[in-house]
Amino acid sequence: MTPIPGPTAEEQVAFLGKIERLLAEGQFVATYKYALLLAIADLAVKHGRDDGGELDLPIRAIAAEFIELYWRQAAPYGNAVADGGYNILQQNTGRQAAIVSIVENLRQAHGTLIRARQSAAWDAAVTEAARLVRDMPLWRLQRLRNEVLDFLYAASPVAGNVRLKPGVAANLRRFHAIIVRLAQTEWMHFIQSLPANSQLLGPTSDLDQFLFGADRSALLRMAAPLADVQKGQCLYCQRRVDSGDIDHFVPWSRYPRDLAHNLVLAHKQCNRHKSDLLAAETHLDRWLARNQIHGDAIGEAARTANVIVDLPGTVSVAGWAYAHCANLHAATWLQGDEVEPLSGRWQSLLIGYR
Ligand SMILES: [Zn+2]
């Protein structure tokens, strides 16, 4: 297969400009459009390529991402209200968004997202969410006040798939961090702007953390099992850790989702030095080996801890992150204050993995 050339520099800039226009000029009555943008950006990272090709995304896969995104959003927010119940943030200018009731039903029946995914009710919930995605945000996302800006995909889906236009997946992968930040910020502002939420939110709130932050309690539940598979050692310096951090191997700032196999036990100090950088290839090698040997054990612990398990997806995310880093000639973190460029070994490590 001959590779199709990726988007040119001009096309990349134009793409980002159009994303900004969608968010600024689109008419939003619900938060679905932010969720749709986040969902297709995530699927492009996991399944797309960096060339100029098209990419088919099953609407059911988008629907599953929707349920995952709204799982957090539709959790009870803030303190209990007078009658002992809890409030759920409004996601729509009118009646509460329908996705919230799909998620609430799953939550009531199954408690956690992990259990809901494994239940018999999951398929029906995805079907219902897929109908909603098709009927609402899919055609609305690219509709501005006076024009249609259909640069992401053609308006009508084909055989249950949304076909991303040539080069769109590559651009979503290249600008993933920027697009996620834009969509999350706009989503948060939308929720803050709804009068129905004003009392719930109050003057100061941890809304950003609630809507989009890492699930810290789930990460804490992973500490013991990760210490077990890493034999009590920091993944990076391999020295003994007593009370360490749970670090996101591909940094949270680049990919803000908790995936079980992306979590590692590390010294607080190693974690702090690494910060938002990708880890050097020698660490990538060790991380892949850890997941190859202990992948099942980590997966099993994560199901109990309510953290998403998707090892192939996690490896794709790492492949995307290292390719991006190589394109930018960015530095990777070795130890302490030391950084180094990629040698290219990351490619054979990741290709050899499966
Ligand atoms: Zn360390």
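Read-outs throughout are calculated quantities, based only on the coordinates presented, and are distinct from any laboratory measurement. For clarity, every value in this text was computed on a predicted model and none was experimentally measured. Note that we place each Cβ from the backbone using ideal geometry, even for glycine, and neighbour counts take in every protein chain shown.
What the table shows:
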| read-out | value |
| --- | --- |
| Cα-based Rg of region 108-186 normalised by 2.2 N^0.38 Å, two decimals | 1.38 |
| Environment charge at Q233 (Cβ cut-off 9 Å; Lys +1, Arg +1, Asp -1, Glu -1) | +3 |
| Residues listed by number, region 307-340, amide nitrogen under 17 Å from Q12 label point at 7 Å toward C-beta | 320-331 |
| For q = 0.08, 0.14 Å⁻¹, Debye-computed log10 I/I(0) when each Cα of the chain counts as one equal scatterer | -0.41, -1.28 |
| Shape category assigned to region 63-142 from the gyration tensor of Cα positions, a/c cut at 1.5 | oblate |
| Loop chymotrypsin sites (Phe, Trp or Tyr not before Pro), region 1-95, which have at most 14 other Cβ atoms in a 10 Å radius of their Cβ (DSSP) | Y86 |
| Long-range tail of P(r) for region 216-351 (Cα pairs > 21 Å, %) | 35 percent |
| Theoretical gain in end-to-end length, S243 to L328 [0.36 nm per residue, Cα-Cα removed] | 27.1 nm |
| In the chain, lysine pairs with alpha-carbon atoms under 22 angstrom apart (chain gap of 8 or more, or interchain) | 7 |
| 222 nm mean residue ellipticity, helices alone, for the chain (DSSP H n ≥ 4; -39,500 (n - 2.57); rounded to 500) | -16500 deg cm²/dmol |
| Dimensionless Rg over Rh [region 9-212; C-alpha; Kirkwood] | 0.97 |
| Computed FRET value (nearest 0.05) for L144 with S205, which takes r as the C-beta separation and R₀ as 41 Å | 0.85 |
| R131 paired with T185, simple spin-label distance in nm, labels 7 Å along Cα-to-beta-carbon | 3.8 nm |
